[in-house]
1. Within the group LEU17, LEU30, LEU44, which residue is out of contact with any Phe, Trp or Tyr (no Cβ under 7 Å at 6 or more places or on another chain), on the phi < 0 side of the Ramachandran plot, exposed (fewer than 10 other Cβ atoms within 10 Å of the Cβ) and modelled with pLDDT of 65 or more?
2. Could you check region 88-114 and list, in sequence order, the residues that are more than 18 Å from the chain's Cα centre (by Cα) and either assigned to a helix (DSSP H, G or I) or under 13 Å from ASN52 (Cα atoms) (or both)?
3. Any idea which of ARG160, ARG117 is modelled with pLDDT of 90 or more, charged (D, E, K, R) and in contact with a Ser or Thr (Cβ under 6 Å, 6 or more places away or on another chain)?
4. Mind listing just one residue for me: the one in region 222-267 that is within 25 Å of GLY75 (Cα to Cα), outside any helix (DSSP H, G or I) and among the hydrophobic types (A, V, I, L, M, F, W, C) and, of those, modelled with the lowest pLDDT?
Amino acid sequence: MRIWRKMGTMKTKAFTLIELLVVIAIIALLMAIIVPTLNRARELGRRAVCLNNVKQLALAWNLYADNNDNKIVVGNTHQNMQHCWVYWEQALDEEDKIKGILKGYLYPYCPDIKLYRCPTGVKGEVVTYSIVDYMNGHDEVEGATIAPLKNRLQIRNASRQIVFLDEGRMTPSSWTVYYLQERWWDQITARHGNGTTFSFADGHSEYWKWKDPRTIKIGKMDYSAAISSLSPPIDDTHWGQGNEDLHRVQRGVWGGKLGYTPSSSPY
C-alpha cells in the first residue's frame, strides 16, 4: 500500500517597517551606551600608560642624581645648554627629534623611547613631557623670586614637589607657571578625562583631574593659539583668578608656596 503524505507549505514572515525601525532604535541606543564606556575604558588605559611614563622618568631623574652627588639634571632643553635631560631639536623629522632623546643625560637611565611620549600626544612629537623650571630650569623666571634648585638635597618635601608633567609637546625650554601672580604661563594639558599627569621628586606619579572649566578650556586650546594669538592670552588674569587648579599646580611647582594671596573662585 502506498502511503501519501501531504506536505504543508512553508511561509516566511518578513519584518514590518515598524519592527525594523524598532530594532534599529534599540541598536542605536545600545551603541550610545557602549561606545562612551569603551572610550572611557580606552582613555583610562592611556592614562595608566602615561602615569607609568612619568613615573619611570622620575625614577631615572633620581638615578641621575644618585650618580652625580645629588646634582639635578638640567631641565631646560635648549640646544646651548649642557647636561640637559633631553635636547630640543628644531628638525620636523621624527628620527631627528629622537636624536634629542639619545643625546639627553637621562637616556642611559631611561633607554626606552616610548616612555618619553604620552599615548595621546600630538602626532609627530616624540617628547610630550617636561621638567618644571624650579627643577634646575631657567635661572631667572619672570614672576618668580625663588631660584631654581640645583641639588636634590635642597628639596624639602619630595612627595609634593613636581618634577615632570605632561606638557603635550616639546618646547626649547622647561615648563613654568607664575609664582608671584595668580596667572598661568605655559599651557597646561587636559586629557585622559580632562586632567594631567605629574611625577614627583620621590618617584611617584599622580593624575590630577581639573575642576575649573577655564583650566579645561586652556588645555584643549590649539597650541599655537594658546601661546600667541588667543584673546585673551592664557596668562591673562581672566584664566587664573580664583582658579583652584592653578593654585594647586603652583604649589606643586614651587614647593608648596604661593607668592601671593589667592582670590576666591568665581565658580
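1. On the way: LEU30 fails: exposed (fewer than 10 other Cβ atoms within 10 Å of the Cβ); LEU44 fails: exposed (fewer than 10 other Cβ atoms within 10 Å of the Cβ).
Unique residue meeting the criteria: LEU17.
2. Listed by number, the residues that qualify are GLU94, GLU95, ASP96, LYS97, ILE98, LYS99, GLY100, ILE101, LEU102, CYS110, ASP112.
3. Details: ARG160 fails: in contact with a Ser or Thr (Cβ under 6 Å, 6 or more places away or on another chain).
Residue meeting the stated conditions: ARG117.
4. ILE234
The values are calculated or read from the model by the stated rules, or taken from the named source; none is laboratory data. These numbers were taken from a predicted model, which means no experiment stands behind them. When we count neighbours, we look across all protein chains shown, and the Cβ atoms used for this are built from the backbone with ideal geometry, even at glycine.
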